[in-house]
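For reference, the structure discussed in these notes is given below.
What follows draws every value from the coordinates through simple rules; no lab data is involved. Please read these numbers as outputs of a predicted model, since none were measured by experiment. As a convention, Cβ positions derive from the backbone with ideal geometry for all residues, glycine included, and neighbour counts pool all protein chains shown.
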Protein chains: 2
Amino acid sequence: MQMKLSNRLLGMPFSGTRKLTPYIEKAKSDGKKIIAMYVGQPDIKTPVGFFEAIRDFQPEVLSYGENNGNPELRKVISKYYHSYGIDFNPDEIFITVAGSEALLFSLISTCDAGDNILAVEPLYTDYNSITKEVNVEIKPITTGPENGYHLPSRERIESLIDEKTKAILMNHPNNPTGVVYTDEEINMICDIATENDLFIISDEVYREFVYDGLKYTSFAHVDKVKDNVIIVDSISKRFSACGARIGSIASKNKDFVANIGKLCQSRICAPTLEQIGAIELYKTPKSYLEEINKEYEHRRDVVYELLTKIDGVVCQKPEGAFYISAELPVDNAEDFLIWMLENFEDKGEVVMVSSIEGFYATEGLGKREVRIAYVLEEDKLRRAMELLEKALSAYANR
Amino acid sequence: MQMKLSNRLLGMPFSGTRKLTPYIEKAKSDGKKIIAMYVGQPDIKTPVGFFEAIRDFQPEVLSYGENNGNPELRKVISKYYHSYGIDFNPDEIFITVAGSEALLFSLISTCDAGDNILAVEPLYTDYNSITKEVNVEIKPITTGPENGYHLPSRERIESLIDEKTKAILMNHPNNPTGVVYTDEEINMICDIATENDLFIISDEVYREFVYDGLKYTSFAHVDKVKDNVIIVDSISKRFSACGARIGSIASKNKDFVANIGKLCQSRICAPTLEQIGAIELYKTPKSYLEEINKEYEHRRDVVYELLTKIDGVVCQKPEGAFYISAELPVDNAEDFLIWMLENFEDKGEVVMVSSIEGFYATEGLGKREVRIAYVLEEDKLRRAMELLEKALSAYANR
C-alpha cells in the first residue's frame, strides 16, 4: 500500500516535552515528587466572574455565534486596547480560538505556500509546527544567552530577507526567553518592516508581564507601521484562562480587515460560552493585573538570584513573561534532564524544566539551554532552584 | 507600498450568504418578517445536561486541557461509536475544535501543498475555503438535481484522479443536498480508494439524520478501507450544540494515529468547558436522537411535498441531513432571492433560502439551484413554501 501521510505532517516534530513525558511518568510512578517548571501554566486563580457569567448564560439552544466574534467581546477588547493607548476599534478586532488560531490566520493571510517569515529564535515551539501546517518557512533571527537573548544588528537581520519574505514574527515579551524588547530594538524592527514592505505579526500575549517598572511598547503603538502590524493576542496568560481558548487578531490594515473575515467564516465561530466568560474577564479591574505583575516580578527575582548563584549558569535577567532561559554547565541539557529524572532525587523530590532545543528553528542550537517557567509559589521556587543546583553538582560528579 | 495579502486569502470567496446579508438586513429594517431557511442552525433544544455539567465544573484555575482531548470525552465517544457497530477505541479518537478543525487536520495530514482531493459537489461551502487555506485543490465530482445529486459512474470519478490525488472527501449524509449514499455508492468509493491508494475523509456530522427507515452505513463500517478512512465528526447538529465547537477526528490508520497528535499539540487543546459539557451530551439517551430524527423526517416530508407542487421545481426526495436542494424555475437563483428580498412580501412576510452557487467548486454551476434548510416548526415550513410559491409566481410575472 502506497497510501502515505503528508510530508508536512511527517516532517513536523513532537514538542520537546513529549520526549521527556515517559521519563516524567516513570519518575512519578517511582514515587518521586516533581516540581513542575516545564509548562507555562499559571497557578493564579481565574477571576470568578468568568464562571459566573457562563453560569448565568442559559440559552435553550446553543447556537452558532458570529463569524468574527461576539460583538460585546470585541467592544470590551477595543476598550482594553484604548486603555493602553492602542487604537483598535471593535471592527478591527476578530475573536479567534486562542492565540494559536490568531497566529494561524496571520500566517495564512500574509504568506502563500513557500513564502517565509523572520522570527526570533529561540521561539515558542508551536511556531515551528503551525508554520509547517501552512507551508511557511521560518528564517530564524538567532539570539543567545550571552547577551540575554536580545536582537542582533540590523544588517544581520536584513541579510535574512529574500523575495519570499512576507513578515517578521515577534513575540514580545518573549516566550521562552522572557525578553522585553527595548524601544531601540522595536524601532529597528519597524524600520526593517517599512523599508522591506513586510508585515509585523506581533504575538503580545504576555503584554502585562513586564517588570522593573519598564514602560511596555506594543508594535501597535508605533504609528509608522500602522499598516504593517497584525497583533496576535489571547486571554490565556493575562487572566489565567488557558483552557478557554479565546484569543484575538487585530490590525489597522484595511485590506487585512476586509479579508480576514473569510478565515473566520471558514470555521464559523469561536466557542460561545468561553466568549461570554471572556467579556467578564476584560471587565476585571486593572488591580488584578497589577497584583499578578508584582507577584511574577517577585518570583522572577527569586529564581534569577538563586539561578545565577549556581556555578557555570549563563543568563541575564529577563524583564518579562514568566520564563527564564539559561545555559547550564552541561554538554546536553536534555540528557541532563533525563538523567535527573532517572537517577536524582533529594528527599523524594526532583525539579523539571524544559530543554530548549525544540525552541530553536535552527537544528543543533540550544543544546545546553533550558527554559524555566516560574509559575509556582516562592517556597516551591526556592526548593526547585536548590534541587537544580544539587542535581547539577551530582551530574558533574556522576 | 508593495505589502500585500497572500493569494490564498485574496482568492478565497466570502460565503454566498454574506452577499445576501445586506439585502436581508435591509428587508428586516423595512419591517419585513423573514422566515429563515438559509442557515443550518437547528431549533431543537440543547440537552440541559450540557449546561448543568458546565455549571458543576468549578476549578480555581481554568488550565490547559490535554492536547488530544479530554480522556473521559474520548471514552464516551468511543462508546457511542461502538453502539453503532463502529470500532474506534479512545486512543483512536482526537477531540477537535468543531468539525472544521477535524477537516483542517485531515487535509494537512493527507495532503501537501499542491495536492488534491476529490469531493462531491455541490459541497459544504466551507470546504472551498478550508482547502484553500492549506493549498489543497478540490477536484469536484459533479452531481445535479436531475438524479437527486447521487454519484456519477466509477469511470467518471476515476478519470479525475491524478498523481497528486490523495483523498476522497465525502459528506454523508450530504450538506447541502441531503443525499444519503447507497451501499452501492459507498462500495464504489471504497473500491476506488483501495485501488488508487487514497484516503477517504468522511464528514459524518449528520449521521443520525437519516430517514425512511434506511440503515445508515458509515465509511468506518467498511472493513476493507479500515486503513483508508478518517472520520470527521461534531456534536453541533447531533445535539444541537453548534456554538460549542467540539468535534473529533478518528481513524484506525496507525500512522495517522501516531502523527495526528502533532497537530493537536500545535494548538494545545480544544475548549475545556465545552468538552465537559460534551461528555454529558454523549450520555444523552438514544431516544433523544430518535425523536429528533422523527421530527426532521416529518419536516422533510412537509417541505418536499409542498416544494414539488410548485411548477418547474426540479428535485428528488433526499433521505438525510436537514436540507433539500432543488432547481427553481428561474435563470439565476441569487438574482431571484435578491429580487424577493427587495420587492416581495405577503402580509409582511418573506422566506429566505440559500443560493447554491457557492456550494459548487466548479465556477458557473448551480445558478438555478437553492438549498432549503428545514430547521423550523411545521407551520412555519408550510407558510415558507407558500411564500416561495407566491414569490416565484410574482417573479415570473414581474
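What translational diffusion coefficient, to the nearest whole µm²/s, does the protein assembly as shown have by Stokes-Einstein, given a Kirkwood radius computed over alpha-carbon pairs, a temperature of 37 °C and 0.692 mPa s viscosity?
118 µm²/s
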Subject >> Distance between the range A:70-109 and the range B:231-289 - C-alpha centres, whole angstrom >> reply: 26 Å
Subject >> Histogram of C-alpha separations across chain B, 20 Å bin width, % >> reply: 27, 57, 16, 0
Original post:
Put a dot 7 Å past each Cα toward the Cβ at B:GLU377 and B:LEU10; how far apart are the dots in nm?
Top reply: 5.0 nm
Subject >> Entries of B:LYS33/B:LYS380; A:LYS164/B:LYS139; B:LYS79/B:LYS226 with Cα pairs more than 20 Å apart >> reply: A:LYS164/B:LYS139
Subject >> 5 angstrom amide H check on B:GLN41, placed H, neighbours 5+ away >> reply: none
Subject >> R0 of 22 Å, Cβ-Cβ distance A:SER393-A:LYS294: FRET efficiency to nearest 0.05 >> reply: 0.10
**OP:** Starting from the Cα of A:LYS224, draw a straight line to each of the lysines and keep only those under 22 Å, dropping any in the same chain fewer than 8 residues away.
**Re:** A:LYS166, A:LYS215, A:LYS252, A:LYS254, B:LYS4
Subject >> Rounded to 10°, Cα long-axis angle of helix A:286-308 versus longest principal axis of chain A >> reply: 30 degrees
Original post:
Mind ordering B:285-295, A:300-310 by average Cβ neighbours within 10 Å, highest first?
Top reply: A:300-310, B:285-295
Original post:
Any idea which of B:GLY366, B:PHE88, A:VAL350 is furthest toward the positive side of the dipole for the protein assembly as shown, if Lys and Arg beta-carbons carry +1 and Asp and Glu beta-carbons -1?
Top reply: A:VAL350
Original post:
At A:ASP227 and B:LYS309, where each label point lies 7 Å from the Cα along Cα→Cβ, what is the point-to-point distance in nanometres?
Top reply: 6.0 nm
Subject >> Inter-copy label distances at A:LYS309 (7 Å, Cα→Cβ; nm, one decimal) >> reply: 8.9
**OP:** Treating cross-link reach as a plain straight distance, find the aspartates and glutamates whose alpha-carbon is under 16 Å from the alpha-carbon of B:LYS317, omitting any fewer than eight places away in the same chain.
**Re:** B:GLU146, B:ASP212, B:GLU297, B:ASP301, B:GLU305, B:GLU327, B:GLU369
Original post:
When the dipole is taken about the Cα centre of chain A, and only Lys, Arg (+1) and Asp, Glu (-1) are charged at their Cβ, what size is it in debye, to the nearest 20?
Top reply: 820 debye
Original post:
Quick one, what does Rg over Rh come out to for the range B:332-393 if you take C-alpha atoms and the Kirkwood Rh?
Top reply: 1.00
Original post:
For the protein assembly as shown, what is the charge dipole size about the Cα centre, in debye to the nearest 20, if Lys and Arg each add +1 at the Cβ and Asp and Glu each add -1 at the Cβ?
Top reply: 780 debye
**OP:** Work out the mean other chain Cβ neighbour count within 10 Å for the residues of B:35-47 and drop it here as an integer.
**Re:** 2
**OP:** With θ set to phi - 60°, apply the Karplus curve 6.51 cos²θ - 1.76 cosθ + 1.60 along the range A:345-361 and write out the HN-Hα couplings as whole Hz, x wherever there is a Gly or Pro.
**Re:** 6, 9, 6, x, 10, 8, 9, 9, 10, 9, 6, 9, 3, x, 8, 9, 7
Subject >> Amide H within-cut-off set for A:LEU123, under 5 Å, with H built and near neighbours excluded >> reply: A:TYR360, A:ALA361
Original post:
How far is helix A:16-29 tilted off the main Cα axis of chain A, in degrees rounded to 10, range 0 to 90?
Top reply: 50 degrees
Original post:
If you plug each phi of the range A:112-126 into the Karplus form 6.51 cos²θ - 1.76 cosθ + 1.60 with θ = phi - 60°, what whole-Hz ³J(HN,Hα) values come out, in order, with x for Gly and Pro?
Top reply: 8, 4, x, 6, 9, 10, 8, 8, 6, 10, x, 10, 4, 3, 5
Subject >> Averaged over B:236-249, number of beta-carbon atoms from partner chains that fall within 10 Å >> reply: 4
Original post:
How far is helix A:183-195 tilted off the main Cα axis of chain A, in degrees rounded to 10, range 0 to 90?
Top reply: 50 degrees
**OP:** Find which of A:PRO329, A:ILE141, B:VAL205 sits farthest along the positive direction of the dipole of the protein assembly as shown, computed with +1 on the beta-carbon of Lys and Arg, -1 on that of Asp and Glu, about the Cα centre.
**Re:** B:VAL205
Subject >> For the protein assembly as shown, with +1 on Lys and Arg beta carbons and -1 on Asp and Glu, the positive-most of B:SER109, B:PRO318, A:TYR124 along the dipole >> reply: B:PRO318
Subject >> Within straight-line cross-link reach of A:LYS26, aspartates and glutamates at Cα separation under 14 Å, skipping those fewer than 8 residues along the same chain >> reply: A:GLU342, A:GLU345, A:GLU349
**OP:** Hey, can you grab everything whose amide H is under 5 Å from the amide H of A:PHE199? Only 5+ residues off in sequence or another chain; H modelled, so Pro and N-termini drop out.
**Re:** A:ALA167, A:ILE168
Original post:
By the gyration tensor of its Cα atoms, with a ≥ b ≥ c the square roots of the eigenvalues, what is the shape of the range B:187-281: rounded for a/c under 1.5, prolate for a/b over b/c, or oblate?
Top reply: oblate
Subject >> Packing-based order for A:170-183, A:69-82, using average beta carbon neighbours within 10 Å, highest first >> reply: A:170-183, A:69-82
Subject >> Rough spin-label spacing in nm, given labels placed 7 Å along Cα→Cβ, for A:ASN187 and A:GLU137 >> reply: 3.3 nm
Subject >> Per-selection Rg to Rh, the range A:48-284 - Cα, Kirkwood hydrodynamic radius >> reply: 0.97
Original post:
Summing -39500 (n - 2.57) over the DSSP H runs of n ≥ 4 in chain A and dividing by its residue number, what mean residue ellipticity at 222 nm do you reach, to the nearest 500 deg cm²/dmol?
Top reply: -12000 deg cm²/dmol
**OP:** Arrange the peptides A:345-356, A:23-34, B:37-48 so that the one whose residues have, on average, the most other Cβ atoms within 10 Å appears first.
**Re:** A:345-356, B:37-48, A:23-34
Original post:
Could you give me the ³J(HN,Hα) list for the range B:228-241, computed from phi with Karplus coefficients 6.51, -1.76, 1.60 and θ = phi - 60°, whole Hz, x at Gly and Pro?
Top reply: 8, 8, 10, 9, 9, 9, 6, 8, 3, 7, 3, 10, 6, 9
Subject >> Average beta carbon contacts from partner chains per residue of B:94-105, 10 Å cutoff >> reply: 3
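Can you tell me the dipole magnitude for the range B:240-372 around its Cα centre, using point charges on the Cβ only (Lys, Arg +1; Asp, Glu -1), in Debye to the nearest 20?
The dipole of the range B:240-372 has a size of about 1020 debye.
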